[in-house]
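For reference, the structure discussed in these notes is given below.
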Amino acid sequence: MKLSPLQIERYKYVPKLPGMLRNGINDICVKEGKETSSVADQEKIKALFPNTYGKKEITFEKGKNTSPAKKQVVGVILSGGQAPGGHNVVAGLFDALKATNKENILLGFKGGPSGLLEDKFVEITADFMDQYRNTGGFDIIGSGRTKLETEEQFNVAAEVCKKHGITAIVIIGGDDSNTNAAVLAEFFAAHKTGVQVIGCPKTIDGDLKNEDIDCSFGFDTATKTYSELIGNIERDANSAKKYWHFIKVMGRSASHVALECALETQPNICLIGEEVAAKKMSLQDITKQIADSVCYRASKGNNFGVAIIPEGIVEFVPEFKVLIAEINELLAGSKTEAFNALPSWKEKYAFIEKGLSKESMKVFAFLPEAIQQQLFLERDPHGNVQVSLIESEKLFSELVANELKNRKKTGEFVGKFGRQHHFFGYEGRCAFPSNFDADYCYSLGYNAFMLIQYGYTGYLSKVSNLAAPAEQWVAGGMPITKMMNIERRNGEDKPVIRKALVELDGKPFKYFAAHRDEWSKETCFVFPGAIQYYGPKEVCDITTRTLVLEKGE
């Protein structure tokens, strides 16, 4: 296989570890903290996790290693969507495992959690691991979205572990994957299998974070990648001066990616879903906000601009959520067949008009016809609207175009409104990890093995103080149950890790809110450029603007 020069050089990069993990395996000891409780629904979570609930948080320090010496056979699973740095988690895990005992074994289960259930794995050796260090992607063993949640699955997993003498499983994933890790750990503990389970926090969406987890891995690299592209588009917009660019970015359940990209590039418009929900903004409110910027800039001769749209924005709009609920009810059961049998869109529209409430019909009528039809024609197997398929960047550019037409009729100057659309998703999920993510991920994997060696289970590998240089990072672990609450999922109460939303009283959003009016009117674009791997640490090792602002530096 031909390698690029960058790929060859990245193999040589030696990731930085937190100070307490640099002392060598024999000089790492444990400091236990206070017992923990879940973020909410304490009694219910405690009842569901009697063997793993309420455990103490721990940190690693310099000192004599008192962990029992035993051979370890560890299985590792990559779960969910790709995130830059996943390979380095595996590398850190492998290196710590081998530094402890060269006889230790690491098995990589192929294709995600299903690999464990189907007993499909590869033994990870030094030569094999060296092909993937500091590179993007999950192709070392592949990933998958199979959920480990039934007792039948747990029994199969236990048998596979017993067959190969596996002592621990490390699950690298997001909130759902780590919820599954907690449930699997509880099952293994309750049935005295002797198998530990450790999780690692991964998601580029940035919604797996709390007071203990500064950020999930991959967020840094992905947002830097998107910000480079957005900066390039801003430069093009400022050069051609004839297009408004509507850019959708990842983030269905939270707007962390959009906010970070806005802090990095200073676009004219950035929508934050959490603010839309808190202020109960309507589609018309959002449309007018964007149109006001278009008109003001046009009055100054600037018929161009950039707007960043989170992919899940419409799910934050209260009136839109009500509309979706009514549509799902309108076409429930056999009603779908009756609707589909109507020969023309005109007749279908009349059917819709009769079935929706006056308020929801007003929202529906406000939508462009293409979106109206999409809501009724593209449905999931249960007959529900597939909101995730809505092209929100095109939705809002069309709504703004219609608003400008109406304003023009009243004599308002609106200038020219040329439009371009973009969606940045897959472009950032498998990028070469930034130095920050390469270091962070390697530390998470190394730290995960220390948790295993000291006998912990149901814990998340935790590396904090991430706004400081790597040598000042703090390594340790926290019980996954600490992050959990009860939520209603598919008609049932389920224990899940609570998603972290953008905090409207947090420093990152407050900084954005203080500057966005100026950004909406003036051309304040910032061009971050490509991720830098070599050169001054001020350029190569910087982390996200979000994290810097949160930590007050």
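No lab work stands behind these numbers, since they all come straight from the coordinates. This is a predicted model, so every value here is computed, not measured. Neighbour counts are summed over all protein chains in view; Cβ atoms, including those assigned to glycine, are modelled from backbone coordinates with ideal geometry.
Computed from Cα positions, the angle between helix 435-453 and the longest principal axis of the chain comes to roughly 40 degrees. The antiparallel fraction among DSSP beta bridges confined to the chain stands at about 40%.
Sorting 279, 409, 120 from the fewest to the most surrounding beta carbons within 10 angstrom yields 409, 279, 120. For the chain, the mean projected area of the C-alpha convex hull, equal to one quarter of the hull surface, is 27.8 nm². Between residue 511 and residue 492, full extension at 0.36 nm per residue minus the direct alpha carbon distance yields a gain of 2.9 nm.
When the Cα positions of 451, 58, 399 are compared along the charge dipole of the chain, 399 comes out farthest toward the positive end, with charges on each C-beta of Lys, Arg, Asp and Glu.
What is the dipole size for the chain, taken about its Cα centre, with +1 at each Lys and Arg Cβ and -1 at each Asp and Glu Cβ, in debye to the nearest 20? Present the calculation step by step, with values, prior to reporting the outcome.
Details: 68 positive and 71 negative charges, 94 e Å.
In debye, rounded to 20, the chain gives about 460.
Under 19 Å from a label point set 7 Å out along the Cα-to-Cβ vector of residue 51, the amide N atoms of segment 163-192 belong to 163-171, 178-192.
Amide H contacts of residue 197: 169, 458, 459, each under 5 Å away and 5 or more positions distant or on a separate chain (H built 1.01 Å from N in the peptide plane; Pro and chain starts excluded). Cα centroid separation, segment 207-260 to segment 483-553: 9 Å. Quick one: which of 202/499; 71/98; 358/394; 321/358 span more than 19 angstrom between C-alpha atoms? Correct reply: 358/394.
Cβ neighbours within 10 Å, averaged per peptide: list 101-109, 73-81 in order, most packed at the top. Please report the intermediate quantities before stating the final value.
Details: 101-109: 18.6, 73-81: 24.8.
Ranked by mean Cβ neighbours within 10 Å, highest first: 73-81, 101-109.
What residue among 356, 244, 441 has its Cα farthest toward the positive end of the dipole of the chain, where the charges are +1 on Lys, Arg and -1 on Asp, Glu, each on the Cβ? Farthest along the dipole direction, towards plus: 244.
Arranged from fewest to most other beta-carbon atoms within 10 Å of their beta carbon, 171, 8 become 8, 171. Listed by chain and number, the lysines whose C-alpha is less than 18 Å from the C-alpha of residue 354, apart from same-chain residues fewer than 8 away, are 335, 346, 362. Spin-label pair residue 44-residue 373: with each label point 7 Å from Cα along the Cα-Cβ axis, the two points sit 4.3 nm from one another. The phi torsions of segment 502-517, fed into the Karplus equation with coefficients 6.51, -1.76 and 1.60 and a -60° offset, translate into couplings of 4, 8, 6, 9, x, 4, x, 5, 4, 4, 4, 4, 6, 10, 5, 5 Hz, rounded to whole numbers, with Gly and Pro shown as x. Relative to the dominant Cα principal axis of the chain, helix 219-240 is inclined by about 30°. Note on segment 36-93 and segment 105-139: Cα centroid distance 19 Å, given to the nearest whole angstrom.
Annotation for segment 340-406: GluC sites (Glu not before Pro) lying in DSSP loop with at most 13 further Cβ atoms inside 10 Å of their Cβ are 378.
Work through the residues other than residue 469 whose Cβ is under 9 Å from its Cβ and net out their charges, Lys, Arg +1 and Asp, Glu -1. Spell out each step's value before the answer.
On the way: positive: 16, 537; negative: 471, 541.
With Lys, Arg at +1 and Asp, Glu at -1, the neighbours total 0.
The helix-only estimate of mean residue ellipticity at 222 nm for the chain, built from DSSP H runs of length n ≥ 4 each weighted as -39500 (n - 2.57), is -13000 deg cm²/dmol after division by the residue total.
Other residues within the sphere of radius under 13 Å centred on the Cβ of residue 451, judged by their own Cβ, net out at +1 (K and R +1, D and E -1). Our coupling estimate for segment 303-320, obtained by passing each phi through the Karplus curve with A = 6.51, B = -1.76, C = 1.60 and θ = phi - 60°, is 8, 8, x, 9, 10, 9, 10, x, 4, x, 4, 5, 6, 8, 7, x, 5, 6 Hz, Gly and Pro reported as x. Against the chain, whose longest principal axis is taken from its Cα atoms, helix 256-265 shows a tilt of about 70°.
Neighbours of residue 246 by Cβ distance under 9 Å: Lys/Arg scored +1, Asp/Glu scored -1, total +2. Straight-line reach from residue 55: which lysines have a Cα under 17 Å away, not including same-chain ones fewer than 8 places off? Of all the lysines, those that pass the test against residue 55 - Cα under 17 Å, at least 8 places apart if same chain - are 31, 34, 44, 46, 462, 482. Magnitude of the charge dipole for segment 11-116, about its Cα centre and with charges confined to Cβ atoms of Lys, Arg (+1) and Asp, Glu (-1), is about 320 debye.
Here the dipole of segment 259-329 is about 440 debye; that uses its Cα centre as origin and unit charges on the Cβ of Lys and Arg (positive) and Asp and Glu (negative).
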